[in-house]
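Presented below is the structure to which this report refers.
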Amino acid sequence: LFCHMRLYAITVFILLSLLGSNAQSAPDTIIIGGLFPLTGSLSGGGVEREAAARIAVEKINSLPDILPNTQLIMLTYDTGTSQAVGLTSFLTAVDEGAIAVVGAASSSVSQITAIAGGVFEIPQLSYSSTAATLSNKADYPLFGRLVPPDNQQGSAFAQFVSFFDWGDTVAAISSADEYGVGGVDQFIKNGADLGVRLRTYQQFLSGATDIHVEMNELLISESRVFLAFMLGKD
């Protein structure tokens, strides 16, 4: 339900941004593209989000007060959690008439499609891309998202730990990618000003099947609070 409502909000946001306050001037049909990881490492969540997006579009089309006399069409595409596949899907959406794009899921895919979006003047709104670099409007002028960037997450976690006075009992583990390392780095930077320090920080390659060494380091640190920055598949 939460995923459904979030995608519903994304779709409405894009439409209102494109059409302005005068919905009466909208065309008969509006096509938007949906970028979802239907295959690859994030395919589980991608299939759910794609289904939720279709429900959201059906809901919008059933409410005449949102887009009177206008039919919303969402064309969905697989990104494969791959920059190459994601870019191809984005360009296909543009060729097929999409005037805006919902997605992508992963930050790496959104980074390449958002650059293309700036070139083709196609606004893009992501439901889960969190890389802090995507906030750079010089590089990604038409990119937006409904989730906070990694640097804000790290800052919030540091304040949370400080509030409960857990400052010297924390250990961290993350995937060795921009999401994991960026989030923990921001936690460390903000935590330093709040008296929060890590007893140990362990990294692993995303998709690794053996992280016994890293887990053992967490164990021997005798930490009581564990901060994890990684994707659900890890």
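The values are calculated or read from the model by the stated rules, or taken from the named source; none is laboratory data. All values reported here derive from a predicted model rather than from experimental measurement. A quick note on method: Cβ atoms are made from the backbone with ideal geometry, for glycine too, and the neighbour counts reach across all protein chains shown.
When the stretch 95-129 is limited to residues that are β-branched (Val, Ile, Thr) and surrounded by fewer than 23 Cβ atoms within 10 Å (Cβ to Cβ), the one that is nearest to ILE73 (Cα to Cα) turns out to be ILE99. Picking from residues in the stretch 13-33 that are within 23 Å of PHE143 (Cβ to Cβ) and part of a strand (DSSP E or B), the one that is modelled with the lowest pLDDT is ILE30. The residues on offer are VAL102, VAL57, and the sole one that is closer than 15 Å to VAL147 by Cβ, of a type in the set (A, V, I, L, M) and in contact (Cβ under 8 Å) with a residue 40 or more places away in the chain is VAL102.
For the stretch 196-234, what are the residues that are of a type outside the set (A, V, I, L, M, F, W, C), in contact with a helix residue (DSSP H, G or I) (Cβ under 9 Å, 6 or more places away or on another chain), surrounded by 12 or more Cβ atoms within 10 Å (Cβ to Cβ) and in a loop (DSSP other than H, G, I, E, B)? Across the stretch 196-234, the qualifying residues are ARG197, SER206, LYS233, ASP234. Sub-6 Å Cβ pairs linking a first residue in the stretch 125-147 that is over 24 Å from GLY232 (Cβ atoms) to a second residue that is part of a loop (DSSP other than H, G, I, E, B), at least 6 apart or interchain, are LEU142/PRO123, ordered by first then second residue.
Residue-wise test of (1) β-branched (Val, Ile, Thr); (2) more than 14 Å from the chain's Cα centre (by Cα); (3) over 25 Å from TYR140 (Cα atoms); (4) assigned to a strand (DSSP E or B).
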| position | (1), (2), (3), (4) |
| --- | --- |
| LEU35 | no, no, no, yes |
| VAL57 | yes, yes, yes, no |
| ILE60 | yes, yes, yes, no |
| THR76 | yes, yes, no, yes |
| ALA98 | no, yes, no, no |
| THR113 | yes, no, no, no |
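The residues in the stretch 115-134 that are in a loop (DSSP other than H, G, I, E, B) and aromatic (Phe, Trp, Tyr) can be counted, and the count is 1.
Selection of the stretch 156-182 for residues being part of a helix (DSSP H, G or I), surrounded by 19 or more Cβ atoms within 10 Å (Cβ to Cβ) and of a type outside the set (Val, Ile, Thr) yields PHE157, ALA158, TYR179, GLY180, GLY182. TYR140 meets the conditions (1) part of a loop (DSSP other than H, G, I, E, B); (2) surrounded by 19 or more Cβ atoms within 10 Å (Cβ to Cβ); (3) not assigned by TED's automatic domain parsing to the domain that holds GLN111 in every case but one. The failed one is (3).
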